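One structure is given below, encoded as structure tokens.
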Amino acid sequence: MIKVDPELSKYFIEIYVVANTPTYLYRRFRSQEIIRDLANRYSEGDLIDYIKKIDSSQNPSISEVANAYAISVALTFKNSEKVKELLQSYQFKKLEWISHIIQIWKDTEIPTTIFDFNVDTAMVNYNIDMSLSKSTNIIKEVRLKNDQS
Amino acid sequence: MPSKFILQPQFMELALETAEKNKIPNAQSKELSSRELLQANDVEKKWGEGITRRSNPTAIYNCHGLVFASRRTGLFDNSSIRQILEDDKYHEIQKEDALPGDIVIYFNEGDIEHSGIIITAPSESPLKIPLVYSKWGKYSEVIHLQNYCPYHQSEIKYYRVVR
């Protein structure tokens, strides 16, 4: 079970309590290194179990609610397919913005499709036109088949 | 960010429309009680010196609910705020022309992060910074300098209703 340090909870409360919109919460939490650490430290299942536990509480405390939101943003650093599978058909009862946070993540997610190019090294053309794609595409690396590096 | 606010069925929504009868999605948050929200005293510690808190914390309405919905409910959707600005005839004005009663909106890369009501014209302040009356999320209604709050300061616009 995830245990959140009380000092960290205080910090999460500071962000949670002044958030006017789910987008603000998502942006502020996602920019914190500590949120990425939470994602690295725990599995998708651990993070979701914590959120569901708080969501099922009758009267959660402010720190529990703020932690649950921070953890929901940590989920956005995880494998999206696994998260979708674990949250599939779950209806949030108490935590009003979690669904929206997950939706923002889905809307802004950058696809990581791998393309196989079969090209001659001498004829590499870096002007790859992806203008027909609906999402943002970033080419991180072009690997050539005869490139041994 | 393009996301539209999804109102879950269990949350209470009021019948709310713009001046042009376009529906405004809204929700009264019941996530935490006002008593529980009083535990957020670190906000007070962090910002308390430079602000005047003028209400108890409540989750029922947010900043946009204070500015555009008379404190009855919360508005969370960027596109609805833009719809209100258009349908209710808000016109952008220059900061130096802002007067008490005009509104200020804080944008962050296109998102509407915060809104408030001007209560002191910038011209009345030595540093030309207006005093703003706003609601900080689920926290309290607060009187603060326009540049002293937890919201992004890179793009701030001022509006007045012109009919």
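For this structure, a couple of remarks:
- Sorted fewest first by neighbouring Cβ atoms within 10 angstrom, B:Phe107, B:Phe68 come out as B:Phe107, B:Phe68.
- Taking label positions 7 Å along the Cα-Cβ direction at both A:Tyr90 and B:Glu44, the computed distance is 3.4 nm, reported to one decimal.
- Inter-chain neighbour count for A:20-32: the average number of beta-carbon atoms from partner chains within 10 Å of each residue's beta-carbon is 6.
- Once both labels are positioned 7 Å from their Cα atoms along Cα-to-Cβ, the gap between B:Ile93 and B:Gln153 label points is 2.3 nm.
- log10 of Debye I(q)/I(0), alpha-carbon scatterers only, for segment B:11-161 at 0.11, 0.13, 0.16 Å⁻¹: -0.42, -0.58, -0.89
- Paramagnetic label zone (point 7 Å from Cα along Cα-to-C-beta, A:Ser31; backbone N under 11 Å) in segment B:101-119: B:108-109
- Among the residues of A:2-12, the average count of other protein chain beta-carbon atoms within 10 Å of the residue beta-carbon is 1.
- For chain B, a simple Cβ point-charge model (Lys and Arg +1, Asp and Glu -1, everything else neutral) yields a dipole of about 400 debye relative to the Cα centre.
- With R₀ set to 41 Å, the beta-carbon distance separating A:Asn59 from B:Ala19 gives a calculated FRET efficiency near 0.55.
- Amide hydrogen proximity for A:Ala19: with H placed 1.01 Å from N in the peptide plane, the residues at 5 or more positions away or on another chain lying under 5 Å are B:Lys138.
- Candidate cross-link partners of B:Lys30 among the lysines, defined by an alpha-carbon separation under 22 Å and a same-chain spacing of 8 or more, comprise A:Lys10, A:Lys52, A:Lys53, A:Lys93, A:Lys94, B:Lys4, B:Lys135, B:Lys138.
- Neighbouring partner chain Cβ atoms per residue of B:103-109, average, 10 Å criterion: 1
- Simple spin-label estimate for B:Val161 and B:Leu127 in nanometres, 7 Å along Cα-Cβ: 3.1
Computed from the coordinates by the stated procedures, all read-outs in this text should not be read as laboratory data. Keep in mind that this is a model prediction, so the values were computed, not measured. Using ideal geometry, Cβ is built from the backbone for each residue, glycine included, and neighbour counts are taken over all protein chains shown.
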